[in-house]
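Engineer: Encoded as structure tokens, here's the structure I'll be asking about.
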Amino acid sequence: MEPYVKNNFDNKNNNNKETQEFKPLNLIELRELAIEELVKYYSELRKYEYNKGKKLNGINLRKKIHIIISTILKIDQLLSKEKIHIINDLHDSNSNKPKIYACTHIGGNDIQRSFQVIKDPAYLMLGDPGILYRKLIYLGLKMNGVIPLETTDREDRKIAYNRAIELLNNGGNLLIYPEGAWNVSPNLVVMKIFNGTVRLAKETGAEIIPIAIEQYGNDFYFNIGKNYTIPYDTTQSITELNNELRDKLATLKWDIICSQEGLKRENISNDYLQKFQDEIVNRCNYGYGFSLQDAINESFHDKNVTTEEEVFSFLSNLDIDKRNAFLAKDKIKLKQKINNK
């Protein structure tokens with residue numbers, strides 16, 4: 001069912017290519033769409049408006065009503081019983097350049113608390129809104145300013161990037177999470193990051209302000225780094241610039257970790273990692289159905305790096321015995337399997 005797209009085939013005039021005539025829907029029609037249809041509708045709406053030349057409007061208006069957003073966020077914080085701790089703040093808040101606030105991503109209410117910490121009005125780059133389209137929180141994001149996109153849709157990603165360029169070139173600020181997903185990694189302080197942040201900064205001259213976030217219970221800890229810019233004529237590659245940003249984020253986050261009381265090895269249970277990941281998923285879920293696998297899928301995947309799961313995938317089809325036991329990564333499970341033979 002695709003009530004908002006009409007497909008036309010005109011072999012003579014369109015060289016056998018499919019063209020699409022978009023029909024905007026009203027609120028009643030939107031409520032009749034399933035989530036999958038709604039996601040596709042908004043993606044097609046963004047393409048339709050962009051190709052029609054519609055500009056990103058409301059930047060100055062949102063600056064004027066920012067006090068309303070700040071009040072709503074403060075009420076949300078009080079209702080959530082969450083506290084904000086800033087362990088360091090090195091950024092220059094008086095700079096008149098457009099800013100890209102680049103934050104690490106831990107999920108839960110980190111977006112709301114991030115907005116409170118940066119204080120400046122800023123649009124949010126939001127990947128894969130999904131069921132959020134149906135929620136009250138999305139209306140709040142639209143009031144604040146949001147640039148949504150479907151991360152698996154190349155055209156939608158390009159439009160979102162160009163909208164961010166438009167925002168920064170018109171004096172707006174951007175809040176972005178370069179990791180692209182909650183950090184559920186067992187051993188990476190900061191996951192591999194997407195290169196959109198440094199590309200935007202290089203192209204527009206906007207300042208990057210790296211921000212690290214950690215959450216312990218209802219306490220959020222922030223470490224805010226210095227503003228820095230990327231010259232348009234820099235000789236550094238995008239990969240080098242991206243690694244530099246990731247290093248800055250990791251250093252800031254490490255300072256937060258070091259500010260906390262350490263865990264003794266004997267107090268770390270065997271299921272510590274599972275509990276750690278479950279806690280992130282539970283506080284990120286909001287009942288929307290997001291899962292641990294969603295976070296893993298949405299994170300950056302370096303094509304030049306082979307994951308542990310890919311390396312050992314052959315084991316699922318391997319008939320393990322004493323001759324090939326050395327190939328298994330989990331010696332405890334291997335021993336149990338051999339003993340059962």
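The values are calculated or read from the model by the stated rules, or taken from the named source; none is laboratory data. The model shown is predicted, which means the values in this text are computed figures rather than measured ones. All Cβ positions, even for glycine, are placed from backbone atoms using ideal geometry, and neighbour counts span all protein chains on display. Note: areas computed on protein heavy atoms with side chains; ligands, DNA, RNA excluded. Shrake-Rupley method; radii C 1.70, N 1.55, O 1.52, S 1.80 Å.
Engineer: Please work out if residue 4 is more than 25 Å from the chain's Cα centre (by Cα) and either at pLDDT 95 or above or crowded, with 16+ Cβ neighbours inside 10 Å (or both). Walk me through how you get there before you give the answer.
Structural biologist: Working: more than 25 Å from the chain's Cα centre (by Cα): yes; either at pLDDT 95 or above or crowded, with 16+ Cβ neighbours inside 10 Å (or both): yes.
So residue 4 passes the test.
Engineer: I'd like to know if region 141-153 contains one or more residues that are β-branched (Val, Ile, Thr), in contact with an Asp or Glu (Cβ under 6 Å, 6 or more places away or on another chain) and either touching a residue at least 60 places away in the same chain (Cβ under 8 Å) or open to solvent by 60 Å² or more (accessible area, probe 1.4 Å) (or both).
Structural biologist: Going through region 141-153, the residues β-branched (Val, Ile, Thr) turn out to be 146-147, 151-152.
Checking the rest, the ones that are also in contact with an Asp or Glu (Cβ under 6 Å, 6 or more places away or on another chain) come to 151.
Then drop every residue that is not either touching a residue at least 60 places away in the same chain (Cβ under 8 Å) or open to solvent by 60 Å² or more (accessible area, probe 1.4 Å) (or both), which leaves 151.
Within region 141-153, one or more residues are β-branched (Val, Ile, Thr), in contact with an Asp or Glu (Cβ under 6 Å, 6 or more places away or on another chain) and either touching a residue at least 60 places away in the same chain (Cβ under 8 Å) or open to solvent by 60 Å² or more (accessible area, probe 1.4 Å) (or both).
Engineer: Which numbered condition trips up residue 156, out of (1) more than 20 Å from residue 39 (Cβ to Cβ); (2) part of a helix (DSSP H, G or I); (3) open to solvent by less than 40 Å² (accessible area, probe 1.4 Å); (4) in contact (Cβ under 8 Å) with a residue 60 or more places away in the chain?
Structural biologist: (1)
Engineer: Considering only residues that are touching a helix residue (DSSP H, G or I) at 6+ places or on another chain (Cβ under 6 Å) and either hydroxyl-bearing (Ser, Thr, Tyr) or not in a loop (DSSP other than H, G, I, E, B) (or both), which ones fall in region 53-83? Give the derivation first.
Structural biologist: Filtering region 53-83 for residues touching a helix residue (DSSP H, G or I) at 6+ places or on another chain (Cβ under 6 Å) gives 56, 69, 73, 76.
Scanning region 53-83 gives 69, 73, 76.
Engineer: Considering each of 168, 132, 124 in turn, give the residue that is in a strand (DSSP E or B), in contact (Cβ under 8 Å) with a residue 40 or more places away in the chain and open to solvent by less than 40 Å² (accessible area, probe 1.4 Å).
Structural biologist: Values: 168 fails: in a strand (DSSP E or B); 132 fails: in a strand (DSSP E or B).
Exactly one residue qualifies, and that residue is 124.
Engineer: Of everything in region 223-240, what is surrounded by 11 or more Cβ atoms within 10 Å (Cβ to Cβ), touching a residue at least 12 places away in the same chain (Cβ under 8 Å) and not charged (D, E, K, R)? Give them in sequence order.
Structural biologist: Result: 223, 224, 225, 227, 228, 229, 230, 234, 238.
Engineer: Which members of region 27-45 meet the condition of being loosely packed, with under 15 Cβ neighbours inside 10 Å and farther than 21 Å from residue 147 by Cα?
Structural biologist: 28, 29, 31, 32, 34
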